[in-house]
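Heads up: the structure comes next, in structure tokens.
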Amino acid sequence: MITISQAVEEIIRKKPFITEAINNGIINFSALATNLKPEVETKLHRSVNESAIIMSLRRLHTSNHLAISQKSQTIAKWFSDIIVRSNLADYTFRNSDTLLKNQQTLLKKIAGRDDFFYTISQGVYETTFVLSDLLNDDIPLIFEGEKLLSYRYNLSSITIKLPAENIDQPGLYYYIFRKLAWDGINILEVISTTNEVTILLKDKDIDRAFSAIKRLKTL
């Protein structure tokens, strides 16, 4: 049978958002205890007094700084390879039977061209293309007849290279998006592969976003 403290710690350590808030001293322990009470009781199979949960949270707070510091240093090391691109445009089309064929036409046009950036994100109902704006005059011709849902120009992107271990790190993307949100930076698109994440932004936000992500190294 585990103790209340062990149950609280087990729950909190699986919640990186709450862990960070506790470490920074910006969370109300009483309100958090009320929120955690049902989950703690489920783990212990008995009723638990909220004051006991609060006491456990305070003990966790005083012993948790080193763990958070080590985790932050590891995450910061992962952000060493950051690539910025500019002069991009974003097009979103409704999915159709002909969209894939038109996409192949686009790929043939840019094949072998190192001066073009191209990535695609296909959803259930729509597909988004992020492209170098050198292709702006060609897109209406290539995708003639397709339903254009939205388009945006004057965009830039930040690509962060991650190691293979990122798939086992809970809350990794949170550290990136939280910093951008706290700095009032709006994200237009997020495109990811297994070991890369690309964030699409307006040109006016790119310098602040790059600085914000670089500052994660000093956590």
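None of the figures in this text is laboratory data; all of them are computed from the coordinates on show. Since the model is a prediction, treat every value here as computed from it, not as a measurement. Here the Cβ is made from the backbone with ideal geometry for all residues, glycine too, and neighbour counts use every protein chain on show.
Quick look at the values:
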{"item": "Per-selection metrics, the chain (Cα): Rg and Dmax in Å", "result": "22.8, 68"}
{"item": "Burial ordering of His45, His61, fewest other beta-carbon atoms within 10 Å first", "result": "His45, His61"}
{"item": "Rotationally averaged projected area of segment 106-219 (alpha carbon convex hull; nm²)", "result": "9.0 nm²"}
{"item": "Relative exposure of Phe177, Phe93, judged by other C-beta atoms within 10 Å (fewest first)", "result": "Phe177, Phe93"}
{"item": "In sequence order, calculated HN-Hα J values of segment 105-114 (Karplus, 6.51, -1.76, 1.60; Hz; x Gly/Pro)", "result": "4, 5, 4, 5, 5, 9, 4, x, 9, 6"}
{"item": "Student exercise, the chain dipole from Lys, Arg, Asp, Glu Cβ charges, in Debye to nearest 20", "result": "800 debye"}
{"item": "Estimated 222 nm signal from helices in the chain, with DSSP H stretches of n ≥ 4 weighted -39500 (n - 2.57), rounded to 500", "result": "-13500 deg cm²/dmol"}
{"item": "Residues Val197, Val84, Val8 arranged by fewest to most Cβ contacts within 10 Å", "result": "Val84, Val197, Val8"}
{"item": "Rounded if a/c under 1.5, otherwise prolate or oblate - segment 4-63, Cα gyration tensor axes", "result": "prolate"}
